[in-house]
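S.K.: Here you go, one structure.
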Amino acid sequence: MVKIKLEGVHVSSVLLFAGRSLLDKPGIRTHLLRIPEVSATLREAQRELDTDKGVKFDLVSFIQSEDKEFHSMSCWKDLVVQLIQVGLYKRLQKSMVKPKFLVGRTGNISAMDVCLGKQSLKGMVQTFKEQREQTLKNAQNQDTLVGQSLELFNLYVWNGDTYLSSKSGKSAESLIEDVMKDHLVYETIALGLSCETTPEIANVTVVESLILDPLLNWIVPHLKSA
């Protein structure tokens, strides 16, 4: 089992790290850039990208691009979704509310793994570059295939001292249902906003993490209408 040490007040909720559809709407992408922790995370990742002279890519410009361009480059979309979730988690930490259960994707490009300290942000970006380079070598012009495998998720449980890895390799919906049955937990906190991939489960209430932030909850109506 992996043990992760974190501080804070733990509540009986499941924090869900969103799937790829979090940034599907351009208005949402633009508004999320205004959150300081998101902007800082993107700047850190950009510095790491810029160390590779063979990669010329501006993350913020890409996030602000039109839908056609944004959705046509799914490997980069996958990366920025994870980076933005790291920033959103940093923002949530400031509320000192830490859910007892975390559900996030598996794999080497994982916001949850960065937030738990299992991997550095630099390491995640470096892994992305290596995977993208290998994919391009294997199949010319197949850039859009990077990161398109089925998304599987892991479950971490707070045991009073650390987060412990519990279950893995399942869908987010299945893991949340397991928590509901095993621990009688009926609230899911969607990191940032709920989106198309946020599971809709009977008797489970979904709360968006930005609503919990007294300094940012004003932005939610704008995001909803984007």
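The values are calculated or read from the model by the stated rules, or taken from the named source; none is laboratory data. All values reported here derive from a predicted model rather than from experimental measurement. Cβ placement follows ideal geometry from the backbone for every residue including glycine, while neighbour counts extend to all protein chains displayed.
The rows are residues; the columns are (1) surrounded by 18 or more Cβ atoms within 10 Å (Cβ to Cβ); (2) among the aromatic types (Phe, Trp, Tyr).
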site: LYS181; (1), (2): no, no
site: LEU184; (1), (2): no, no
site: GLY192; (1), (2): yes, no
site: PRO199; (1), (2): yes, no
site: ILE211; (1), (2): no, no
site: TRP218; (1), (2): no, yes
site: HIS222; (1), (2): no, no
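S.K.: Quick test for you: out of SER174, SER209, pick the one residue that is out of contact with any helix residue (DSSP H, G or I) (no Cβ under 7 Å at 6 or more places or on another chain) and of a type in the set (Ser, Thr, Tyr). Break it down stepwise before answering.
M.R.: Values: SER209 fails: out of contact with any helix residue (DSSP H, G or I) (no Cβ under 7 Å at 6 or more places or on another chain).
Of the residues listed, the single one that is out of contact with any helix residue (DSSP H, G or I) (no Cβ under 7 Å at 6 or more places or on another chain) and of a type in the set (Ser, Thr, Tyr) is SER174.
S.K.: Something else now. What are the residues in the stretch 6-55 that are in contact with a Phe, Trp or Tyr (Cβ under 9 Å, 6 or more places away or on another chain), assigned to a loop (DSSP other than H, G, I, E, B) and more than 24 Å from LYS94 (Cα to Cα), if any?
M.R.: If the condition is that a residue be in contact with a Phe, Trp or Tyr (Cβ under 9 Å, 6 or more places away or on another chain), assigned to a loop (DSSP other than H, G, I, E, B) and more than 24 Å from LYS94 (Cα to Cα), then ASP24 is the only one that fits.
S.K.: When you check LEU136 against the structure, is it more than 24 Å from HIS31 (Cβ to Cβ) and at pLDDT 90 or above, yes or no? Spell out the reasoning first.
M.R.: Values: more than 24 Å from HIS31 (Cβ to Cβ): yes; at pLDDT 90 or above: no.
In short, no.
S.K.: Related question: I'd like to check something: does the stretch 65-75 contain any residue that is buried (at least 19 other Cβ atoms within 10 Å of the Cβ) and in contact (Cβ under 8 Å) with a residue 60 or more places away in the chain?
M.R.: Here is the first cut: in the stretch 65-75, the residues buried (at least 19 other Cβ atoms within 10 Å of the Cβ) are 70, 75.
Applying the additional criterion that residues be in contact (Cβ under 8 Å) with a residue 60 or more places away in the chain yields 75.
Looking through the stretch 65-75, at least one residue is buried (at least 19 other Cβ atoms within 10 Å of the Cβ) and in contact (Cβ under 8 Å) with a residue 60 or more places away in the chain.
S.K.: Hey, among the residues in the stretch 91-118 that are more than 10 Å from the chain's Cα centre (by Cα) and small (Gly, Ala, Ser), which one's surrounded by the fewest Cβ atoms within 10 Å (Cβ to Cβ)?
M.R.: In this case the residue turns out to be GLY117.
S.K.: Could you list, ordered by first residue, the pairs with Cβ atoms under 7 Å in which the first is in the stretch 190-207 and among the aliphatic types (A, V, I, L, M) and the second is assigned to a loop (DSSP other than H, G, I, E, B) and at pLDDT below 85, at least 6 apart or interchain?
M.R.: ALA190/ALA18; ALA190/THR198; LEU191/ALA18; VAL206/SER194; VAL206/THR198
S.K.: Which ones in the stretch 16-35 are within 23 Å of LYS98 (Cβ to Cβ), in contact with a Lys or Arg (Cβ under 8 Å, 6 or more places away or on another chain) and of a type outside the set (Gly, Ala, Ser)? Step through it out loud before you land on a result.
M.R.: Just the residues of the stretch 16-35 that are within 23 Å of LYS98 (Cβ to Cβ), to begin with: 16-19, 22, 32, 35.
Next, from what is left, pick out any that are in contact with a Lys or Arg (Cβ under 8 Å, 6 or more places away or on another chain): 17, 19, 35.
Result: PHE17, ILE35.
S.K.: Considering (1) part of a helix (DSSP H, G or I); (2) modelled with pLDDT under 90; (3) of a type in the set (A, V, I, L, M, F, W, C); (4) out of contact with any strand residue (DSSP E or B) (no Cβ under 8 Å at 6 or more places or on another chain), say which one MET180 fails and leave the rest.
M.R.: (2)
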